[in-house]
Amino acid sequence: MTAPPKSFHVKSFGCQMNVYDGERMGELMAAQGLVPVGADAAELVILNTCHIRERATEKVYSDIGRLRKAAGKQGRRPMIAVAGCVAQAEGEEIVRRAKVDVVVGPQSYHNLPGLVARAAAGGAAVDTDMPLASKFGALPARRKVGPSAFLTVQEGCDKFCTYCVVPYTRGAEVSRPWRQVMDEARSLVDAGAREITLLGQNVNAWTGEDEAGRVRGLDGLIRALDRLPGLARIRYTTSHPNDMTQGLIDAHRDVEKLMPFLHLPVQAGSDRVLRAMNRSHDRSSYLRLLDRVRAVRPDIALSGDFIVGFPGETEAEFAETLSLVNTVGYAQAFSFKYSPRPGTPAAAMVDQVAPEAMDERLQLLQAALNRDQHAFNLGTVGQVCDVLVERRGKLPGQMLGKSPWLQSVHLLTSAGVGDLVEVALTAAGPNSLTGGPPNSLGALAAE
Ligand code: 5AD
Ligand code: SF4
């Protein structure tokens with residue numbers, strides 16, 4: 001028996017969906033009367049873990065060790081809950097190895113208060129069920145959020161790319177119902193959101209029935225959100241090329257609030273590698289898709305995910321990834337070294353690529369992606385656009401916000417957090433831009 005915790009801290013790792021889940025867990029514990037505090041004072045620490053790459057499991061165990069040691073020096077023994085995808089993958093094993101109090105998977109964290117109470121009463125509490133009834137109905141309403149908020153509308157994945165652990169940790173593709181999404185969007189706007197990013201492992205596979213009982217896709221949801229008063233911007237991530245419908249492409253033409261940004265992972269440029277990855281699209285179908293998107297929204301900023309060193313990838317095949325990057329000209333992108341995930345088909349493939357080759361390929365790829373990102377940023381200098389102010393900058397009077405193309409923009413302004421301001425983009429670096437009042441462009445042209 002220990003006293004039930006009165007304060008908590010959530011530490012989230014990994015993707016935006018984990019960030020969202022972490023926020024919801026925080027709201028859930030706050031609704032129980034627990035106070036949010038720093039990790040070094042919390043009586044309950046929730047580690048919301050990620051399993052997508054690298055030695056995720058080992059990292060969690062060393063985090064737990066470090067946490068215990070730091071708390072021990074202060075004479076404390078906080079309750080530790082492991083949530084997220086490592087919890088789902090490891091389950092009871094985490095209790096056996098690290099003696100944590102609670103283990104809870106991504107589909108059952110609505111049970112966290114009960115699990116914490118059980119752990120306080122003695123023994124460990126583990127819940128890695130994937131119940132049919134969704135957790136969302138059991139979570140408290142959204143209360144206070146920043147100007148840019150996440151909203152998970154879809155979870156799980158049925159694609160089974162051969163390298164990926166997500167179909168096992170997050171389960172099958174499930175869409176949240178229309179009503180639930182619209183209600184949460186409304187409460188996010190009431191709580192201060194000006195921009196909503198719809199989230200899902202395969203967000204563009206979202207499907208549901210609208211109020212009239214018609215089956216709609218993500219584009220239907222976006223068109224309905226477009227009419228939500230107070231909401232200024234809509235984004236969505238992450239999409240799969242095969243679920244990119246014409247309706248969604250058309251939404252990029254018609255819906256003014258839908259920002260000109262598309263994160264569309266391709267992973268590799270070689271058709272043989274894409275087949276071995278079970279990606280179900282090839283290089284040319286991907287490029288044709290981008291052409292169709294650019295046809296309706298020529299200024300769209302494209303983003304992607306890449307894996308280098310997939311088992312069996314040759315130098316020539318990697319060169320095809322580089323040439324695809326050169327063809328597309330991404331505005332930004334994420335790139336990773338292949339990391340074998342236990343239980344996935346690719347982990348059992350015999351021709352794993354040597355670490356040195358992976359390092360070299362990643363460096364080459366990132367140099368190309370950084371070059372293109374800088375070029376994209378420079379290409380927007382001279383434009384006047386809206387910037388959503390998200391937080392204060394480091395300098396006095398400086399604020400930091402996002403352009404429609406998801407670039408970070410520094411500006412000197414009297415505007416506050418949550419304001420949309422008209423800004424002229426006056427200078428660009430590789431990672432951010434500088435903006436000024438719309439009339440500052442004249443000065444730029446005179447330079
Ligand atoms: N190794 C390396 N990168 C991976 N990703 C997913 N699984 C792996 C893996 N085993 C990358 C993909 C995916 C992104 C979220 O993480 O690029 O799009
Ligand atoms: Fe993983 Fe592929 Fe599903 Fe993306 S589409 S979550 S990479 S299995």
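The values are calculated or read from the model by the stated rules, or taken from the named source; none is laboratory data. A quick note: this is a predicted structure, and the numbers were derived from the prediction, not measured. Note that we place each Cβ from the backbone using ideal geometry, even for glycine, and neighbour counts take in every protein chain shown. Side chains are part of the model used for accessible areas, which takes the heavy atoms of the whole protein and leaves out ligands, DNA and RNA. Shrake-Rupley method; radii C 1.70, N 1.55, O 1.52, S 1.80 Å.
Tabulated data
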read-out	value
Cα-based radius of gyration of the chain once divided by 2.2 N^0.38 Å, which approximates compact folds	1.02
GluC sites (Glu not before Pro) within the range 148-215: DSSP coil, no more than 16 neighbouring Cβ in 10 Å	GLU211
The chain: Cys lacking any partner C-beta under 4.7 angstrom	CYS15, CYS50, CYS85, CYS157, CYS385
Protein accessible area in the chain, 1.4 Å probe - carbon and sulfur %	54
Convex hull (Cα only) mean projected area of the range 114-273, reported in nm² to one decimal	12.0
Per-residue [θ]222 nm for the chain (sum of -39500 (n - 2.57) over DSSP H runs n ≥ 4, rounded to 500)	-11000 deg cm²/dmol
Anchor LYS59: lysines whose Cα lies under 20 Å away (excluding residues fewer than 8 positions away in-chain)	LYS11, LYS69, LYS99, LYS337
Relative contact order, percent, the chain [alpha-carbon distance under 8 Å, six or more residues apart]	10
Among ALA117, ALA125, ALA346, residue whose mean-square fluctuation peaks in a GNM of the chain (springs only between Cα atoms under 10 Å)	ALA117
For the range 134-143, 3J(HN,Hα) per residue [Karplus equation, 6.51 cos²θ - 1.76 cosθ + 1.60, θ = phi - 60°, Hz, x = Gly/Pro]	6, 5, 4, x, 8, 9, x, 5, 6, 10
With DNA, RNA and ligands ignored, accessible area of ARG118 (1.4 Å probe; Å², nearest 10)	130
Net dipole in debye of the chain [+1 Lys, Arg Cβ; -1 Asp, Glu Cβ; about Cα centre; nearest 20]	1200
Those residues of the range 235-277 whose amide nitrogen sits under 15 Å from the label point placed on SER134, 7 Å along Cα→Cβ	none
Between the range 136-185 and the range 1-75, the Cα center-to-center distance that results, in Å	21
Fluctuation leader among VAL296, VAL126, VAL153 - the chain, Gaussian network, Cα springs under 10 angstrom	VAL296
Under 5 Å, built H, 5+ apart or other chain: amide partners of ALA83	LEU47, ASN48, THR49, VAL104
Two-site label geometry, ALA121 and ALA212: point separation in nm, points 7 Å out along Cα→Cβ	5.1
Protection proxy ranking, peptides 314-320, 70-76, average beta carbon neighbours within 10 Å, highest first	314-320, 70-76
Fraction of antiparallel bridges per DSSP, the chain only, in percent to nearest 5	35
Column: log10 I(q)/I(0), Debye, Cα scatterers of the range 195-285, q = 0.12, 0.21, 0.24, 0.26 Å⁻¹	-0.42, -1.02, -1.22, -1.36
Table column - 3J(HN,Hα) (Hz), the range 235-247, Karplus curve with 6.51, -1.76, 1.60, x for Gly and Pro	9, 8, 6, 9, 9, 9, x, 6, 9, 7, 7, 4, x
For the chain, accessible area per residue (1.4 Å probe, heavy atoms of protein chains only), Å²	43
